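The values are calculated or read from the model by the stated rules, or taken from the named source; none is laboratory data. Since we're looking at a predicted model, the values are computed, not measured. Counting neighbours? That spans all protein chains shown, and the Cβs are built from the backbone with ideal geometry, glycine included.
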Amino acid sequence: MKASIEWLEEYSDIDVNSAELGDILTMTGSKVETINETGENIKNVVVGKICFIEKHPDADKLVITQVDVGNEKIQIVTGARNINVGDVVPVAKEGAILPDGKIIKKGKLRGVDSCGMMCSIGELGLTKADFPEQIEDGIMILGEKYEKDLGKNIVDVLDIRESIIDFEITPNRQDCFSIEGIGREVAVSLNKEFKNPRKNLNNINIKKVEQIEGLSAKIKDPDLCYRYIARVVKNVKIGESPDWMKKRLKACGIRSINNIVDITNYVMLELGQPMHAFDINSIKSKEIIVRRAKLGEEITTLDGIKRKLDEDMLVIADSQKPIAIAGVMGGENSEIEDNTKTVVFESAVFYGGSIRKTSRKLALRTEASTRYEKGLSQENALRAVNRAVELVKLLQIGEEVEEIIDEYPTKQETAKIELNSEKINKLLGLNVPKQEMMSILKKLEMTIVEENGKTYIIPPFFRQDIEQLADLAEEILRFYGYDKLESTLVKANTTIGLKNKEQKIEDKIRSVMINNGLSEIYTFSFTNYNELKKLCLNDDNELILQAIKVQNPLNEDYTIMRTTTVPSMLQILSNNFNKKNEEVRLFDISRKYKNVNNKIEKEELPEEDIVLTIGMYGDNIDFFRLKGIVENVLEISELNKYDIIKEKNNSIYHPGICANLKVGNDIFATFGEVHPKVIMNYGINQKVYIAEININKITKYAKVNKKYQPIPKFPALERDIAIVVDENVEVGTIEKIIEKKSNKMLEELKLFDVYRSDKLGNNKKSVAYNLKFRIKDRTLKDEEVNTVMKNILEQLEKELNAELRK
Amino acid sequence: MKEKILNLKEQAIKEIRQSNSEKDLNDIRVKYLGKKGELTLILKGMGTLLPEERPAVGSLVNEVREKIETELKLKTNDFKEQELQNKLKNENIDITLPSKRTKLGSIHPITQIIEDVKEIFLGMGYEIADGPEIELAKYNFDKLNTPEDHPARDIQDTFYITEDILLRSQTSPIQARVMETKQPPIKIICPGAVYRSDSVDATHSPVFHQVEGLVVDKNISMADLKGTLEMFAKKCLGEKTKIRFRPHHFPFTEPSAEADVSCFVCGGKGCRVCKGEGWIELLGCGMVHPKVLINCGIDPNEYTGFAFGFGVERIAMAKFGIDDLRLLYENDIRFLKQF
């Protein structure tokens, strides 16, 4: 909301400059966004009259002028084309400062002295909007009427000094979307009297009638319209508004249209109540009906656009058609024309939520809708319509009809709040005396009532945001001073801050990651179906079926919530690859989202899992490097019992180089080399390794119960064994058999060689182990171990067709 | 005889001391103490001595033998020491050659800030609470005094999945969930990702991170809020940091405030980071709105509380001097490795 200091001065004396005022108001809650000053930064520019023009002897495009600046004549050389002898112009004298910071100095132009500069509007920081009759690429010609002002400061003569402050108004303070509201804040903030120039607008005694000049008004949908007031002015002369009004409108960013429309805008700025003006003759049957639009109804709004309406939208209609979209914009069909004679002023209050929805649906946000959607005061509506009529009289552009139509089905509620000063002080941690509280509230025009020894506060009509004690506390604090708040520490019951199991595991995982040289990344949780297709998934893959769609995505890259973190990781690896970063090791701890069992359709929340994703490429990276890191993660998380199973059917991964980790049947991690086709889709020209580890599941399966095991007292017995098996036998299978058959005596099993040769034969390999046997309560005997070894070998032969290597 | 033995001793010692290698020493040992060594021969020839001379000569021979052995040992040690010295001399390395290690990875700046914040608040007895990112509108809005017709619920600002399910636009729904399930005292912080419909640019992102805090108990005051945030600001941004409250409005707090901190780059003098103002807008906060307490089943006549929340990216950017938010999500390894 923009407000000029000049206008605000109608409400309060202002004895500080605009920057200081801005700081003070920011600290009382009206945050200043920008301060714009015109005129302030122009120095030593005066009115002058051109007395003589002659050609420059050495330059065709320059002329030498003599300019009368009151007490002297100065010589100025200029290239301007639009000047004539006798023109009155703005003259920047030697030492003048212009708004762009330029300082005017004496100088020579092609050998001729020039002691100043004649200015264009642009050089004075003005625009064609300020002075439409001026040209932009020439000297500003002031006209004869300024001849009396020769030598006077141009800023004073043209009255262009203006300070405009732009405030950020919070949505609870609809009253501050008006100069009156900000003016009140200014007065209280500066501790000045609030002059209240529009005090008596609601006390005007005029006759309430059903019809004025044949016009009637009815509210058909009172749930959306709380009050509808109409007044009429006759014999209107449509024309231009006076300069002072145009200037104030412009300061607030509103263009002047004609005197009647300007009055409605002026009142809106002044009092915060949007108004509308109709030509009475454009209202069919002179019947105004406030109703919901009918499906399929259309209206061409004042901006010339035809808009489709629906049953959720409120309109102002006549007996046949909508003539305005309530609270948003009027219709072309009832616009004020140059020949309009009788004007209907509308001042109404609508349900804010409805106006907001309508304005969104139509993508049409106006000064009116911005105010209405916050919820306006029904009481203020009456003031506004009276003010509009008052302005018509003031400008002498029409006659007042001393009657009013006032449909007021929903009265404004007034709060009554007990002023419990002790409670307020406790809430704020302050010690403000009750008297001071009352004095602040009084300045804010709150009514104070004493009843049965208790003090009650009744907020003024324009402060519907004040509903309870906490609201009073804020008002008191605003003017007692937010800067007077003390700093104390919570003196409450002791609480213990501790990380939970999952948070601790996450911390440990991060430390394992950085120790293995991985860098953490952050990615967006959005993805799209094309991205999932890059993973070569079948259409019936659950990663596609369970994706959750965003109703209003930001763009087509972010249409769904990711069901897998792999695409995000591949994308980042691909970015790094494209930037020629060699050997990249990354990890990400983030979520994936799955619509399991159609929960979304049942309005239930979907599943969210926290996933550790590892992604790496580079010369030193292979499957077993990745496997080692995964094992470290599990070890640090104390997840010791799990199975590793080869995965051949996951389209993301290489069918021969991928593993699932399982507890029971529950897969909690998948890792391996990414499928060459997928890699190609991401434009990476190198092997890429990825692991996906579900941290929620790790947390579930991790067993943190460390217990000391005595260090063995008895010696171990060791045996080496080398067996020949078929190439496709996994060592994991061999190890399981060895463990199973070792009669619980096996302490350690170490693979130390895998060997292939022609001698062994095609598709055969030799696998060699070192086995260490020990039991905790006695020394093992050779024979015992020999028996176990025999059993192991027999079982290996039986199950795997293994042979002892000779 | 005695003289001969002593001569032998002198001679042996001389030879030992003049010897040049361990091999020489071995020869000397054989020459004097070996089976056919000179001293051994004397012992063997004891039979020719008078019985009364034998003990004296015997003990002299033993004395000399010990002496020679000691000398031999000393000289051997000398040689060993010398040998070691030579070896050490040859084993000299260039210690500025590169080390053998896996270079450490790095923790993302967003995590670093969140971890700093967690540590500060854990120390003050706060728990860390978590909740779903895909959230019910009920928790994201309704319970937080942001009813259906409130502007903040606008589809332009919030991503919706259905009419009632959305991507949380703040971490506050976690607060509502905690208040609903737990009676005071409540002291929590809620870090996490939040979603708003903003296009990506140097200062905006549709996904960003917040940390919110909530305290509810008897007699919690706005001074407690200021004290807590002051403590936080000092620990997180430096002991000299000052904090300033300005009035503001949020639907879920009353009174509400925006808190600025003195610029931690220039210390308040005014610089590029604080745009010459000396203050940086840090967070929004206030006393929990009584309606929010009621909505979550807490009696506002008995309990009061405060809440605050801030954007992690903003702090990370200011603290690390990162001038474009996009860098945080581009994850170029050359960027990541700097943290």
So is residue A:612 under 30 Å from residue A:595 (Cα atoms), buried (at least 21 other Cβ atoms within 10 Å of the Cβ), in contact with a helix residue (DSSP H, G or I) (Cβ under 9 Å, 6 or more places away or on another chain) and at pLDDT below 95 or not?
no
Is it true that residue A:311 is in contact with a Phe, Trp or Tyr (Cβ under 9 Å, 6 or more places away or on another chain) and either modelled with pLDDT of 95 or more or in a loop (DSSP other than H, G, I, E, B) (or both)?
no
Within the bounds of region B:255-271, is there any residue that is over 27 Å from residue B:291 (Cβ atoms), in contact with a strand residue (DSSP E or B) (Cβ under 8 Å, 6 or more places away or on another chain) and facing another protein chain (nearest Cβ under 8 Å)?
no
Wholly inside region A:484-562, helices (runs of 4 or more DSSP H) that include 3 or more residues that are of a type in the set (S, T, N, Q) are A:501-515
Would you say residue A:787 is of a type in the set (Ser, Thr, Tyr) and either outside any helix (DSSP H, G or I) or surrounded by 15 or more Cβ atoms within 10 Å (Cβ to Cβ) (or both)?
no
Sort out which residues of region A:689-705 are touching an Asp or Glu at 6+ places or on another chain (Cβ under 9 Å) and touching a residue at least 12 places away in the same chain (Cβ under 8 Å), and write them in order of number.
A:689, A:690, A:694, A:695, A:696, A:697, A:698, A:699, A:701, A:702, A:703, A:704
Restricting to region B:95-115, name every residue that is hydroxyl-bearing (Ser, Thr, Tyr) and either assigned to a loop (DSSP other than H, G, I, E, B) or under 18 Å from residue B:190 (Cα atoms) (or both).
B:96, B:99, B:102, B:111
Positions within region B:8-39 being free of Cβ contacts under 8 Å to residues at least 40 places away in the same chain, crowded, with 17+ Cβ neighbours inside 10 Å and within 14 Å of residue B:66 (Cα to Cα), in sequence order:
B:32, B:33, B:39
Residue identified as of a type in the set (Val, Ile, Thr), in a helix (DSSP H, G or I) and over 30 Å from residue B:192 (Cβ atoms) among A:629, A:684, A:679:
A:679
Just one of the numbered conditions (1) within 12 Å of chain A (Cβ to nearest Cβ); (2) buried (at least 20 other Cβ atoms within 10 Å of the Cβ) is not true of residue B:291; which one?
(2)
For region A:1-116, which fully contained strands (runs of 3 or more DSSP E) count at least 1 residues that are closer than 30 Å to residue A:366 by Cα?
A:2-4, A:31-38
If residue A:209 passes every condition in (1) closer than 30 Å to residue A:22 by Cα; (2) at pLDDT 90 or above; (3) not charged (D, E, K, R) but one, which one does it miss?
(1)
Quick check: anything in region B:275-295 in contact with a helix residue (DSSP H, G or I) (Cβ under 7 Å, 6 or more places away or on another chain), in the same structural domain as residue B:191 (by TED's automatic domain parsing) and basic (Lys, Arg)?
no
What pairs come up if the first residue lies in region A:202-225 and is in contact (Cβ under 8 Å) with a residue 12 or more places away in the chain, the second is assigned to a loop (DSSP other than H, G, I, E, B) and of a type in the set (A, V, I, L, M, F, W, C), and their beta carbons are under 8 Å apart, counting only those six or more places apart or on different chains?
A:212/A:401; A:213/A:401; A:215/A:283; A:224/A:326; A:225/A:326
Regarding residue B:160, is this residue buried (at least 22 other Cβ atoms within 10 Å of the Cβ), of a type in the set (Phe, Trp, Tyr) and closer than 30 Å to residue A:563 by Cα?
no
Restricting attention to region A:38-47, does a residue exist that is under 26 Å from residue A:183 (Cβ atoms), acidic (Asp, Glu), modelled with pLDDT of 90 or more and surrounded by fewer than 19 Cβ atoms within 10 Å (Cβ to Cβ)?
no
Among residues of region A:480-521 being basic (Lys, Arg) and in contact (Cβ under 8 Å) with a residue 60 or more places away in the chain, the residue nearest to the other protein chains (Cβ to nearest Cβ) is A:510
